[in-house]
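Undergrad: Got a structure for you, questions after.
The values are calculated or read from the model by the stated rules, or taken from the named source; none is laboratory data. Bear in mind that the values here come from a model prediction, so they are computed numbers and not experimental data. Here the Cβ positions follow ideal geometry from the backbone for every residue, glycine too, while neighbour counts run over all protein chains shown. When the accessible area is computed, the model is the full protein with side chains, heavy atoms only, and any ligands, DNA or RNA have been set aside. Shrake-Rupley method; radii C 1.70, N 1.55, O 1.52, S 1.80 Å.
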Amino acid sequence: MTRLKEALSDCADVLRKAILTAIMLVGMGSAALAQTYGFATLPPGTLNHTTASAVAKVLKEKAGINMLVQPTAGDQIIVPMVARGEVEVGITNILELASYYEGGKNPDLRLIGTAHPLRTAFWVRKDAPMQRIGDLKGKKVTFGYSAMRTIDTISRAILATSGLTDKDISPVMVPNVVRSADDFMSGASDMFFFAFGGPKVREADAMVGGIRVLEINEAGMAAARKVTPYGYLTDVTPGPVFIGVSKPMKVYTFDNVLITHAKVPDDVIYKMIDVLDQNKSELVSVQPVLREFSAASLFKTYDIPYHPGALKYFKDKAIQARSIE
């Protein structure tokens, strides 16, 4: 009987320790989720700022994860901030991320995944004579993008679809896409570059009495891929998001990605993906382009490491990596 009591006492001690450990772990996880995390994005008026705001709103309301949206001047600021661990999450385009990760220069950068395809265009005034990208020869074209250098690369790729280079245009040097739209509205340029869904596109449409997308030459994509391999074409049709599209057409597209730092806790990234996937309708109510978001669409075969928390989620949900479109 004495031995039985001792055995039961030992079992009780082990159980108590296990319960205390579990409570501590849960507490640690809850504390991690209760912290405030920085989310670096582009300036207000951009598509990415709206996306970041939608993500932060859903994470706060549905999971108690505090994400502080931090606007910056451009992707050249966002990616280094995440790489240094100054903010925990950022949103940028795949070209920008690849340029910073290339050669292992920023080894702590990690992918969470593809937020959505980033469909872009060159817009002109609705009554302008230009119809296609090739019609920009000799025209005033926003260029340079000193705070968003990958947009300069993308602009070169789009021009290349019609056999044009920066020598065939009159460059109007701008720091970012917001300034591109502002210069267009002021009359300093004949066009502007932006992503579909950005509030600034709607502002430009209202300000100048209507805008129109210049058509792209599909046969010119081979030339565009010599400028950057990350671009591809997707189909769009007239609709509320696709301002300036009057008929079905193809537009230049690349991926917008969510990024993080290697030291961000795995459970935070795992929970972030799970909450966003389960509350897609709330995301879309703030940012319509997130209609294409899903946990499955996050995982693509980019040659950049994913965060362990994201990889665990993909494994748990049997999500396989998809090829780049």
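Undergrad: If GLU215 satisfies every condition in (1) over 16 Å from GLU292 (Cβ atoms); (2) among the acidic types (Asp, Glu); (3) assigned by the TED database to the domain that holds LEU159; (4) surrounded by fewer than 19 Cβ atoms within 10 Å (Cβ to Cβ) but one, which is the exception?
TA: (4)
Undergrad: A follow-up question, please. Has the stretch 243-261 got at least one residue that is of a type outside the set (A, V, I, L, M, F, W, C) and in a helix (DSSP H, G or I)?
TA: No - not one qualifying residue is present in the stretch 243-261.
Undergrad: Another question, then. All but one of (1) closer than 26 Å to ALA147 by Cα; (2) not in a loop (DSSP other than H, G, I, E, B) hold for ASP190; which doesn't?
TA: For ASP190, the failing item is (2).
Undergrad: Could you check VAL141 against (1) of a type in the set (Val, Ile, Thr); (2) at pLDDT 95 or above; (3) under 25 Å from ILE324 (Cα atoms) and say which number it fails?
TA: So the condition that VAL141 fails would be (3).
Undergrad: Picking from TYR230, TYR270, TYR252, which residue would you name as being under 30 Å from GLY187 (Cα atoms), among the hydroxyl-bearing types (Ser, Thr, Tyr) and either under 18 Å from the mean Cα position of the chain (by Cα) or surrounded by fewer than 20 Cβ atoms within 10 Å (Cβ to Cβ) (or both)?
TA: Step by step, each of TYR230, TYR270, TYR252 is checked, and only TYR252 is under 30 Å from GLY187 (Cα atoms), among the hydroxyl-bearing types (Ser, Thr, Tyr) and either under 18 Å from the mean Cα position of the chain (by Cα) or surrounded by fewer than 20 Cβ atoms within 10 Å (Cβ to Cβ) (or both).
Undergrad: Given the conditions (1) more than 24 Å from the chain's Cα centre (by Cα); (2) at pLDDT 60 or above, report the number of the one that ASP13 does not fulfil.
TA: Against the list (1) more than 24 Å from the chain's Cα centre (by Cα); (2) at pLDDT 60 or above, ASP13 comes up short only on (2).
Undergrad: So, in the stretch 153-167, of the ones that are open to solvent by less than 10 Å² (accessible area, probe 1.4 Å) and out of contact with any Asp or Glu (no Cβ under 9 Å at 6 or more places or on another chain), which residue ends up farthest from ILE133 (Cα to Cα)?
TA: Across the stretch 153-167, the extreme among qualifying residues is ILE154.
Undergrad: Considering (1) among the basic types (Lys, Arg); (2) within 21 Å of THR51 (Cβ to Cβ); (3) at pLDDT 95 or above, say which one ARG212 fails and leave the rest.
TA: Condition (2) is where ARG212 drops out.
Let's see how each residue does on (1) closer than 14 Å to THR120 by Cα; (2) over 19 Å from the mean Cα position of the chain (by Cα); (3) open to solvent by less than 40 Å² (accessible area, probe 1.4 Å):
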residue: ILE169; (1), (2), (3): no, yes, yes
residue: ALA188; (1), (2), (3): no, yes, no
residue: PHE193; (1), (2), (3): yes, no, yes
residue: MET207; (1), (2), (3): no, yes, no
residue: ALA222; (1), (2), (3): no, yes, no
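Undergrad: Tell me which residues, restricted to the stretch 45-83, are acidic (Asp, Glu) and either more than 27 Å from SER281 (Cβ to Cβ) or without any contact (Cβ under 8 Å) to a residue 24 or more places away in the chain (or both).
TA: Result: ASP75, single match.
Undergrad: Across the stretch 291-305, what is the total count of residues that are over 15 Å from the mean Cα position of the chain (by Cα) and not in a loop (DSSP other than H, G, I, E, B)?
TA: So the answer is 1.
Undergrad: While we're looking at this one, here's another question. For the stretch 103-138, give me the residue count where each residue is modelled with pLDDT of 95 or more, of a type outside the set (D, E, K, R) and closer than 30 Å to LYS263 by Cα.
TA: 6
Undergrad: Is there a residue being more than 22 Å from ARG132 (Cα to Cα) and either within 18 Å of the chain's Cα centre (by Cα) or not assigned by the TED database to the domain that holds ASP127 (or both) anywhere in the stretch 237-244?
TA: For the stretch 237-244, residues more than 22 Å from ARG132 (Cα to Cα) and either within 18 Å of the chain's Cα centre (by Cα) or not assigned by the TED database to the domain that holds ASP127 (or both): absent.
Undergrad: Let me ask something additional. Evaluate the following for LYS315: is it outside any loop (DSSP other than H, G, I, E, B), surrounded by fewer than 17 Cβ atoms within 10 Å (Cβ to Cβ) and in contact with a strand residue (DSSP E or B) (Cβ under 7 Å, 6 or more places away or on another chain)?
TA: Considered against the rule, which asks whether it is outside any loop (DSSP other than H, G, I, E, B), surrounded by fewer than 17 Cβ atoms within 10 Å (Cβ to Cβ) and in contact with a strand residue (DSSP E or B) (Cβ under 7 Å, 6 or more places away or on another chain), LYS315 comes out as no.
Undergrad: Report yes if LYS105 is more than 29 Å from ARG84 (Cα to Cα) and surrounded by fewer than 22 Cβ atoms within 10 Å (Cβ to Cβ), otherwise no.
TA: Spelling it out, it is not the case that LYS105 is more than 29 Å from ARG84 (Cα to Cα) and surrounded by fewer than 22 Cβ atoms within 10 Å (Cβ to Cβ).
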